[in-house]
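Below is one structure; the comments refer to it alone.
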Amino acid sequence: MAALHIDDDPALAHEHALAASRSAGRIAVVRETVAITAYAVGDFALALRELRTFRRISGRDDQIALMVDSERGVGRPDRALEVGRAVDRAALPTDVRVELAIAMSGARLDLGQPDRALQELDIPELDPDTAYPWSPGLFAARAAVLEELGDIDEAAKWQRRADVAEAAIGAVDADTETIEVDEIDEVEIDDEADGESEAGFDDEAGAVDEHVDDQDAAASVSADDSDADEAPASDREDGAEDRA
C-alpha cells in the first residue's frame, strides 16, 4: 500500500509504512519503506534514522544517496558530503552511484560551490547520446548546476537532453508494461493444470466410494478390502502427479 500511494499521496503512504513498522520493525525493507515515505513527506530527521537502521540491518548502501539528501534536508551539507565520501562508489550499483553523484552535487550547491557541484556530475555515466534509466535525472541536475553558473545556453541544452531521455525511457517502460501483460495472459495455461488436478481429486473420491461399497458387501470381505485399499493409493499417486 505504501508503494501504491507514494506518488499520489505520500502522507497516506507514510501512514501505511508506519503501520508496517509497528508489526515488523526488524525487517530491513520495512525500515527502508518508512525512510522513503518519511523523506517524501519532508521528515528528513526520521528518514535519516530509518535509513541508518535499514543500513545496519541489511548491510547495504542502496539508499546512500537518500541519506546524503536527508542530511541536506536537516541543514547539514558538510555532513552530507562526509556520508557520501565514506562509501566505496565502485562497489555501488550503477543507478545508486549516479543518484549519489546527483546528491553530492546538490550538497555542493548548498555550500555555494557550483564549480565543484559540476565536477561531482562528471562521471562515466554522463553519456549525452544514450538514454539510460538514470539519464533524465543526471542531465537535469547538470542543467541546474550550469544555470547556477550562469551558462544559460548550455543549461538549456542539457535540459532538452533530459526531456528527450525521459520521453525515450517512458516509451521503453510502456513497451515493457505491454510485455508484462502478455506474459500474464500466457499463464492461462495453468487452468488446464488446475482441471487435471481437480480430475485427480474426483478419481480419488470415486475410489473411496468404491471402497465403502466393497466393505458393505457380504461376500469376500477381506479380498474386497484389499482391492479397495489399492485403488485409492493408485489414484492418489495419479493425483499427485497431476498436481506436480
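The values are calculated or read from the model by the stated rules, or taken from the named source; none is laboratory data. Since the model is a prediction, treat every value here as computed from it, not as a measurement. Note: ideal-geometry Cβ built from the backbone for every residue, glycine included; neighbour counts use all protein chains shown. Heads up: the accessible areas ignore ligands, DNA and RNA and are worked out on the full protein's heavy atoms, side chains in. Shrake-Rupley method; radii C 1.70, N 1.55, O 1.52, S 1.80 Å.
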- Message: So, D62, is that one without any contact (Cβ under 8 Å) to a residue 40 or more places away in the chain and not in a helix (DSSP H, G or I) or not?
- Response: yes
- Task: For segment 126-133, state whether one or more residues are aromatic (F, W, Y) and closer than 30 Å to S21 by Cα.
- Result: no
- Query: Does any residue of segment 81-96 turn out to be outside any helix (DSSP H, G or I) and either more than 24 Å from V29 (Cα to Cα) or in contact (Cβ under 8 Å) with a residue 40 or more places away in the chain (or both)?
  - Reply: no
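If we scan segment 22-31, do we find a residue that is surrounded by 19 or more Cβ atoms within 10 Å (Cβ to Cβ), farther than 30 Å from A131 by Cα and free of Cβ contacts under 8 Å to residues at least 60 places away in the same chain?
yes
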- Note on the structure: Selection over segment 120-131 where residues are open to solvent by 40 Å² or more (accessible area, probe 1.4 Å) and touching a helix residue (DSSP H, G or I) at 6+ places or on another chain (Cβ under 8 Å) yields a count of 3
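To keep it simple, each residue is scored yes or no on (1) in contact with a Leu (Cβ under 8 Å, 6 or more places away or on another chain); (2) modelled with pLDDT under 95; (3) surrounded by 15 or more Cβ atoms within 10 Å (Cβ to Cβ).
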| site | (1), (2), (3) |
| --- | --- |
| D69 | no, no, yes |
| R76 | no, no, yes |
| I102 | yes, no, yes |
| L149 | yes, no, no |
- Message: I want to confirm something. Restricting to segment 37-49 and keeping residues that are open to solvent by 10 Å² or more (accessible area, probe 1.4 Å) and farther than 14 Å from V68 by Cβ, which single residue is nearest to the chain's Cα centre (by Cα)?
- Response: A40
- Note on the structure: Checking G59, G73, G42 in turn, the sole residue that is under 30 Å from Y132 (Cβ atoms) and touching a Phe, Trp or Tyr at 6+ places or on another chain (Cβ under 9 Å) turns out to be G73
- Query: Which of the residues that make up segment 97-113 are more than 23 Å from the chain's Cα centre (by Cα) and not in a loop (DSSP other than H, G, I, E, B)?
  - Reply: M104, S105, G106, A107, R108, L109, D110
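Could you identify the single residue in E166, E154 that is modelled with pLDDT under 95, surrounded by 13 or more Cβ atoms within 10 Å (Cβ to Cβ) and not hydroxyl-bearing (S, T, Y)?
On the way: E154 fails: modelled with pLDDT under 95.
Result of the check over E166, E154: E166.
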- Query: Mind checking which pairs have a first residue in segment 109-133 that is over 19 Å from E148 (Cβ atoms) and a second that is surrounded by 16 or more Cβ atoms within 10 Å (Cβ to Cβ) and of a type in the set (K, R), Cβ under 8 Å, 6 or more apart or different chains?
  - Reply: E125/R97; P128/R161
